[in-house]
Structures are given as structure tokens and as C-alpha cells.
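A short worksheet on the structure shown next.
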There are 2 protein chains.
Amino acid sequence: MRIGELAERAGTTTRTLRYYETLGLLPARRAGNGYRAYDEDDLRLLRQIQTLRDFGFGLEETRPFVECLRAGHPAGDSCPASLAVYRRKLAELDECIAHLNGVRQQVGAQLAEAERAMAALEATATAPGGPGPRCELGPHDPHDGDEATGRRAG
Amino acid sequence: MRIGELAERAGTTTRTLRYYETLGLLPARRAGNGYRAYDEDDLRLLRQIQTLRDFGFGLEETRPFVECLRAGHPAGDSCPASLAVYRRKLAELDECIAHLNGVRQQVGAQLAEAERAMAALEATATAPGGPGPRCELGPHDPHDGDEATGRRAG
DNA sequence: GTAGACCTTGACGCCGACGTCAATGCCAGG
DNA sequence: CCTGGCATTGACGTCGGCGTCAAGGTCTAC
Ligand SMILES: [Zn+2]
Ligand SMILES: [Zn+2]
Ligand SMILES: [Zn+2]
Ligand SMILES: [Zn+2]
């Protein structure tokens, strides 16, 4: 199997496969003409890498799994090194999730408070004895309502 | 206040402040000698940026807040544009958290399964009629047990 | 023999938020 | 006058995981 076919079968690109090779993750034998030659085992290695990357693993973190597979073990996670990566990743995930939950709380609170303040301003604005409008809340001048575009620096 | 003092008071670096200026986030007046001149308002703007960045906002996402503050509004989130960013961020956070939870589940399951398989191997290895040891699970040769180092590619 | 599809290596681009020089300017103290 | 500490602009480096050419070699089909 040559690089194009492997890429296609794995749903990736040749560039990616060559990149993995430079990392030593997926070395390839060479045919007489210099073309890279892969087999079904390489496809399995590649699938292992893809699975882990889908989990958010960095390429370096997939190395123990790949080397384990290349050692002929039944699965990529048959070795302690792979399990260690799993555990480290779980810890990272927990930490990250906890962090995000905290942030979510805070941002949610900020939004709620800001909405409350905004509603209060609207109320006083439409109230019978409405005081001076210190800020017009409709379509705004200095801010542009489009959040997609926003560059002024040159 | 010059750039060094502002950086120190905000707990950041001069490089960061100059970078923000190139983005138009934190423009500075200039003294006669060309030095950047900041005041307490700039410090407040900067603190707003830092708060949002601590939440994981990108710099561009802080722009509506900063512009709102510079418009003289009571808070950075007194404008609809800022609220829109809040809501977008909340959605992103929810999506990300859900994703991470899913990944966590899967990785946890993988780990559990791998540990089970490993224990099974250990058991058969130490069992009375233990068959041929197809893999020694102790300190390993082809894999290196250190997860911190791991580079072979040149 | 020649088009065209495949392959090779090499090298630069990208994204975000800066870090890290380098060369030079401004100003106060001894 | 000189030293030293601050300032200026400019430009390149970093990290990860590739994308995107560019210039050429190889093989197959017609
Ligand atoms: Zn193994
Ligand atoms: Zn307003
Ligand atoms: Zn505003
Ligand atoms: Zn083993």
C-alpha cells in the first residue's frame, strides 16, 4: 500500500502521514523506487493514533500506544506506559472540566447581573418620571453590533 | 504613568501592553519624548481585559467590553455587544464541557478495560498452569517508562 | 512519447498571545 | 561626561498539527 491509499483508507492526508513519520510515530518501509510502503499493521497503528487524537491526546501522548502495538502486544493500551497516559489524561480532563465549570458559573453570574442592570436601565428609561438617559441602549454608535468583524488596528 | 509602571501595577509585561496597543485594544497617549502615557482609566481597561482573559476569552472577544468602558459606561458589560459575547461564550463553554465529559467517560472506560485485561494477564502468568508468557509486564525494554521524555525523531 | 496521476523532499504559512533579542533614544545622578 | 535604567521600534522565535505550494522523479495508459 502506498501513502495515498493509506491516507484515503484512514480518512486523512498524505501530509499528515509524512508528518507522523518525521516524528517517528509511523515509520514506513520503502519500495525500490523510494515510495513509502505500508501494510495493514500500519493502518492499525494509524487508527490507534486517530482514536487517541479524537480524544484530544497530543501526538506525543500517542507514542506509548503505538510502540506498544508495534511490540506486537494485543492492544495499544496493553502496557503500563499507556495506562499511565490514560491516568494522566483523566486527571487533566477532571482538572479542565472543573475549571470550565467554575468559569461557566462566573460568566453566567456576570451575564445575569449585567442583564439585571440593563433591565433596570430600560425600566427607568420607560418609567413615567424617567430621568436623564445616561446611555441609549438601542443601536449603538461607538460599538459595532457585528461580532464577526472587529478590526481597527493597522 | 509610563508603560513599565502600568505593567507592574497590573501584573503583566510591557510587551503585552504594546501588543494590546497594536490591536487597538489599549491605545496610549504619548508624552513629549514619545513615551506612552497611561492613566487610571487605562488601568481599569486593562483589568477588564485581564478578567476576561482569565475566563478564557480571546483578546478580540474583550474588545466590546473595552470599547464599552471607553464609551464611559458604568461597566464593561453595559452594552448589548458585551452581553452577546457572554452568551456566545456560555454556549461554547457548555459545548466544550459536554464534549470533555463525553471524552472523560470514554477514556475512563478504556482505562478500566485495559486494567482488567492487564490483571487477567498477571493472573494467568502467576497461575499454577501458567502458559507461555507472551509479554513480560514488568520493567519494559522497547517502551521507556518515563512519560516526561519521549523524543526520537530528528 | 507524452499526458497525467502518483510519489519524493524542502520549505514556508497559519493561528494566538505573547517572549526575546537588537539597535537606539531619553533622561537623571554622580 | 559617563553610567545605568527606563523608553522606543522592528523583527524573529515559540508551540502543535498540519496546509500549501514548488520543483522534480516514477510509473501507467493511450
Ligand atoms: Zn504493550
Ligand atoms: Zn452604550
Ligand atoms: Zn457600553
Ligand atoms: Zn509489553
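Annotations for the structure displayed:
- In nanometres and ascending order, the distances from the A:Gly34 label point to those of the other copies are 5.2 (point 7 Å from Cα along Cα→Cβ).
- Karplus 3J(HN,Hα) series, Hz, for the range B:35-46 with 6.51 cos²θ - 1.76 cosθ + 1.60 (x for Gly, Pro): 5, 5, 10, 10, 10, 5, 5, 4, 4, 5, 4, 4
- Inter-copy label distances for A:Arg87: 4.6 nm (label point placed 7 Å from Cα along Cα→Cβ; shortest first).
- Alpha-carbon Debye profile of the range B:1-87, log10 I(q)/I(0) at 0.14 Å⁻¹: -0.46
- ³J(HN,Hα) computed for each position of the range B:70-76 - Karplus, 6.51 cos²θ - 1.76 cosθ + 1.60, integer Hz, glycine/proline x: 5, 6, x, 6, x, 9, x
- Taking every alpha-carbon pair under 8 Å whose residues sit at least 6 apart, the range B:3-81 reaches a relative contact order of 19 percent.
- Derived scalar couplings between HN and Hα for the range A:102-112 equal x, 4, 4, 4, 5, 5, x, 5, 4, 4, 4 Hz in order, rounded to whole Hz, by the Karplus curve 6.51 cos²θ - 1.76 cosθ + 1.60 (θ = phi - 60°), x for Gly and Pro.
- Within 10 Å of each Cβ in B:85-92, the average number of Cβ atoms from other chains: 4
- Point-to-point label distance, A:Ala75-A:Arg9, nm (Cα→Cβ direction, 7 Å offset): 2.3 nm
- Amide H contacts for B:Ala37 (H built 1.01 Å from N in the peptide plane; partners 5 or more residues away or on another chain; cut-off under 5 Å): B:Arg29, B:Arg30, B:Ala31.
- Averaged over A:16-27, number of beta-carbon atoms from partner chains that fall within 10 Å: 1
Where a number appears in this text, it was derived from the coordinates with a stated rule and is not lab data. As the structure is a prediction and not an experimental result, all values here were calculated from the model. For neighbour counting, all protein chains shown are included, and Cβ atoms are generated from backbone atoms with ideal geometry for every residue, glycine included.
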